[in-house]
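All remarks here apply to the structure that follows.
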Amino acid sequence: MSLKWADVLDIAIELSEQKPDVDPRYVNFVDLHRWVVSLPEFSDDPQRGGEKVLEAIQAAWIEELD
């Protein structure tokens, strides 16, 4: 499975599994971007990960924990 920026929920699930001790409410976008592009399944242009998509990933990650 390859992940693209549009796979917001799948990215959030991967991050929650890889970083179980991280509270996504307190993650800054610089770290979040770095973590997303570092996912083994991620295969999209890193430059396309703007603020809106990072906000969506963060929101999905928060919801995933609830």
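Residues considered: GLU41, GLU64. Of these, the only one that is on the phi < 0 side of the Ramachandran plot, at pLDDT 95 or above and out of contact with any Gly (no Cβ under 9 Å at 6 or more places or on another chain) is GLU41. Of everything in the range 24-43 that is in contact with a helix residue (DSSP H, G or I) (Cβ under 8 Å, 6 or more places away or on another chain) and outside any helix (DSSP H, G or I), the residue that is most open to solvent (accessible area, probe 1.4 Å) is GLU41. The set of residues in the range 44-56 that are of a type in the set (Asp, Glu) and open to solvent by less than 80 Å² (accessible area, probe 1.4 Å) comprises ASP44, ASP45.
Residues satisfying the criterion are absent from the range 3-11 (criterion: open to solvent by 30 Å² or more (accessible area, probe 1.4 Å), touching a Gly at 6+ places or on another chain (Cβ under 6 Å) and not in a loop (DSSP other than H, G, I, E, B)). In the range 9-29, the residues that are within 15 Å of LEU39 (Cα to Cα) form Cβ pairs under 8 Å with partners that are open to solvent by 90 Å² or more (accessible area, probe 1.4 Å) and part of a loop (DSSP other than H, G, I, E, B), at six or more places apart or across chains, as follows: ASP10/MET1. When you look at TRP61, is it assigned to a loop (DSSP other than H, G, I, E, B), in contact (Cβ under 8 Å) with a residue 12 or more places away in the chain and open to solvent by less than 50 Å² (accessible area, probe 1.4 Å), yes or no? No.
The values are calculated or read from the model by the stated rules, or taken from the named source; none is laboratory data. Fair warning: this is a prediction, and the values are worked out from it, not measured in the lab. Note that each Cβ is placed from the backbone with ideal geometry, even for glycine, and that neighbours are counted across all protein chains shown. Side chains are part of the model used for accessible areas, which takes the heavy atoms of the whole protein and leaves out ligands, DNA and RNA. Shrake-Rupley method; radii C 1.70, N 1.55, O 1.52, S 1.80 Å.
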